[in-house]
Amino acid sequence: MRKVILVLASSGLCILTLAQVPQGFNYQAVAHTSTGAPIANTTIQVKAAILSDTITPVVVWEELHSTVKTNASGVFSLVIGTGTKQSGSASAFNEVDWTIPPLFIKIQVNYQGSWRSMGSAKLWTVPYAMVADDLTGSVKKLAVTGETSDMEEALFEVKNKEGQTVFAVYNEGVRIYVDDGAKGAKGGFAIGGFGSAKTPSRDLFVVNPDSVRVYIDTETGKGAKGGFAIGGFSSSKPIPEEYLRVTRDSTRVYLNDETKGTKGGFAIGGFGNSKSLPGGYMLIHPDSTRFYVRESGSGISSTFNIIGIKLDNTLTSLMTASTDTVGIGGVLNVQNNLTVTGDISYTGEVNSIVPEVVTIEYFNETDTSAMVTGEIISNGGKPVITSGIVWSTSPGPTIDLTTKTTDGTLTGQFTSTMSELTELTTYYVRAYAINENGTGYGNEITVTTVGVVFDIDGNWYIASIAGTQIWLLQNLKVTHLNDGTPIDNVTDQAIWMSLSTPGYAWYNNDAVTYADYGLLYNWATVNTGSLCPAGYHVPSEAELSTVIAWLGGPLVAGGSFKETGTTHWLDPNTGAENTDFGFAGLPGGLRDYMGFFSGIGENCNMWTSTRVASDPTYTSVYYNSAEIFVQTMMQGAGMSIRCLKD
């Protein structure tokens, strides 16, 4: 018998009427069985009750929702207040007195002919509109009195729908924040004026993310209370001090050289959609002036510019600055290196500049060689004499070593070959370039060579390092044990079913079509301990777990075990990725203990040398998952083999 379990998902106010106080709120939950399966696309009955208590409950309101429909995930929704009344002291839902706490909500569900109580929960909050009448009429005077001495705590705040402060009043100041996104018709901050005549209002002070504008009336005669003023106050009554004065012919900013309060003064900042701190663009203190330019992503940054205007009104750039470059009038440009046009005088020593080089990548690595690409970014002001790559088994190789090349180009990219390497060894590699000032080195990369292993039949395999282990990167295809004993090629289905000695088969008994996938061996072959090339063995389950952990765990390691693309694997080949390991497992399927073939293109199955009770374990990965699984199978089945170095 299945047990119904409900989990509360969310609840909230639902406004059902615009002309009256709303009478209803949303309730949403998910229904599933005791096994965790959702009760999907099913009509159920739900009773919702408002109680005054749970110990000796008094039903204030109870209603029935007779046709509640769950969706494909078992989720159902209803509006409490819209059901059919069943009982309760309130004559109607809008007669429930929400101001008398505590109140509780109780839910019952009728599923498969039985009512089940889902328990009760206290209503900690009630939608404001359920207990408040409309606020109507005029307010003659509104006062906000602060009760905190914390200078960081606002006395009054106005926030937008994103929870960002737009306007805030503190004990010692007022702050207004302007959104730095797209500017709407009513965006920004504006102060305007109006007169007794019904003419359109005029902007006097406007702040947007990209500009601040102050408009000064050209008419003379200032009213005692007219215009716009920002001042300061204290407990004493000193003569007011000016901080900012704007007239038609000048703008003056006065700085107080006393200690600055955290929230004091006057500040205009910007904010974005994220709830980060507002950013400053210009800061002026008595002892310094700072301009900030910021990166905004995709290589773009804000800039600081000083522009000159000639008599013919043409513009001339005198100074520009971004996050990494400063330029002065086309004469001086600084970005890492220094470029000077014209004469320059200096005092002191000037260091010589060597070429700037980067080491890009390596490829085509074998057991004895690898190719590396480098690039000369700058010659350092002097022609490059020679370039190449240098390597060592220790970090920081230099051209003092003999393990280097000299066949690089004098400009741009070049490719050079590391040679006479040792198999299964990690090398530290840097590109370099030399001019008369010295040698410039690129960033350091590591290159690990592979190994080449031959089986007794002469088939060769590539070996690669995976953490602390060394694995062969191809499925085994040998037809003899490493002591020379032949392994039977069993094509007959009946013989395969009764086979208890070593045996193998090609998938579908087709060695031409499925040559890439290697052979499928029964576990009796694995159990000989002589299947892999000398020095290698079939890995145990514990050894397999080691490489799975190194690749990130069983939830993702299957992707690293698989060959990428869909040449051999079916689409979508989920999670398959190229790694330095290069395991590149192929979906060779399997032959079950009854002799049937299945799974080509869909799954890769590989024996381990571990047996649980009478059945050996194996690992498998699938075309539609990045996971790797370790399972058991009857030893008469045939699977692929990957070998691990002793």
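The values are calculated or read from the model by the stated rules, or taken from the named source; none is laboratory data. What you are looking at is a predicted structure, and each value in this text was computed from that prediction instead of being measured. No Cβ is skipped: glycine too gets one built from the backbone with ideal geometry, and neighbour counts run over all protein chains shown. Heavy atoms of the whole protein, side chains included, go into the accessibility calculation; ligands, DNA and RNA do not. Shrake-Rupley method; radii C 1.70, N 1.55, O 1.52, S 1.80 Å.
Of the cross-linked pairs LYS69/LYS106; LYS69/LYS122; LYS47/LYS85, which ones have a Cα-Cα span greater than 21 Å in the structure shown?
Details: LYS69/LYS106 19 Å; LYS69/LYS122 26 Å; LYS47/LYS85 10 Å.
Listed pairs above 21 Å: LYS69/LYS122.
Assign unit charges at the C-beta atoms only (+1 for Lys and Arg, -1 for Asp and Glu), then state the dipole size of the range 498-646 relative to its Cα centre in Debye, rounded to the nearest 20.
About 300 debye.
Treat each spin label as a single point 7 Å out from the Cα along the C-beta direction, and report the ALA40 to LEU401 distance in nm.
Modelled inter-label distance: 5.9 nm.
Counting only protein heavy atoms and a 1.4 Å probe, tell me what percentage of the range 520-646's accessible area is made up of carbon and sulfur.
Working: 2580 of 4950 Å².
Carbon and sulfur: 52 percent of the exposed surface of the range 520-646.
Between ALA534 and THR468, take the C-beta separation as r, use R0 = 25 Å, and let me know the FRET efficiency to the nearest 0.05. Can you show the working numbers first?
Working: r = 21 Å, r/R0 = 0.84.
With R0 = 25 Å, the Cβ-Cβ based efficiency is 0.75.
On full extension of the chain, what length is gained from ILE328 through ASP646, given 0.36 nm per residue of separation minus the C-alpha to C-alpha distance? Intermediate values should be presented prior to the final figure.
Numbers: separation 318, 0.36 × 318 = 114.48 nm, distance 6.61 nm.
Value of the extension gain: 107.9 nm.
How high is the FRET efficiency between LEU64 and LEU570 when r is their beta carbon distance and R₀ equals 56 Å, given to the nearest 0.05?
Values: r = 52 Å, r/R0 = 0.92.
That pair, LEU64 with LEU570, gives E of 0.60.
Within the range 579-615, whose backbone N sits under 12 Å from a point 7 Å along Cα→Cβ of THR448?
579-583
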